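K.L.:
My questions all concern the structure below.
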């Protein structure tokens, strides 16, 4: 998964957790928890197949207060 290469080589990522990952012939689904060096947390999930693409990103500070949230509504 290309995103894992980016996470592993980033200077501003403290750690990450793969909560869920599934791959099939024409698609994939992943759910990640990414912790940045400032202890903020990004929850990311994405579902992609030949007919559909859905994603959700939720970023919060180290006190669990929302910084940014974005998702598509497909």
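The values are calculated or read from the model by the stated rules, or taken from the named source; none is laboratory data. Not measured: the values here are computed from a predicted model. Note that we place each Cβ from the backbone using ideal geometry, even for glycine, and neighbour counts take in every protein chain shown.
K.L.:
For the stretch 21-43, what are the residues that are touching a residue at least 24 places away in the same chain (Cβ under 8 Å) and either closer than 14 Å to residue 3 by Cβ or crowded, with 16+ Cβ neighbours inside 10 Å (or both)?
P.N.:
28, 30, 32, 34, 36, 40
K.L.:
Considering only residues that are more than 16 Å from the chain's Cα centre (by Cα) and farther than 20 Å from residue 11 by Cβ, which ones fall in the stretch 28-74?
P.N.:
49, 50, 51, 52, 63, 64, 65, 73, 74
K.L.:
Select from the stretch 1-41 the residues that are under 19 Å from residue 58 (Cβ atoms) and assigned to a helix (DSSP H, G or I) and list them in ascending order.
P.N.:
Answer for the stretch 1-41, where residues must be under 19 Å from residue 58 (Cβ atoms) and assigned to a helix (DSSP H, G or I): 3, 6, 7.
Let's see how each residue does on (1) modelled with pLDDT under 95; (2) at negative phi; (3) touching a helix residue (DSSP H, G or I) at 6+ places or on another chain (Cβ under 6 Å):
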{"residue": "13", "(1), (2), (3)": "no, yes, yes"}
{"residue": "36", "(1), (2), (3)": "no, yes, no"}
{"residue": "48", "(1), (2), (3)": "yes, yes, no"}
{"residue": "54", "(1), (2), (3)": "no, yes, no"}
{"residue": "58", "(1), (2), (3)": "no, yes, no"}
{"residue": "61", "(1), (2), (3)": "no, yes, no"}
{"residue": "68", "(1), (2), (3)": "no, yes, no"}
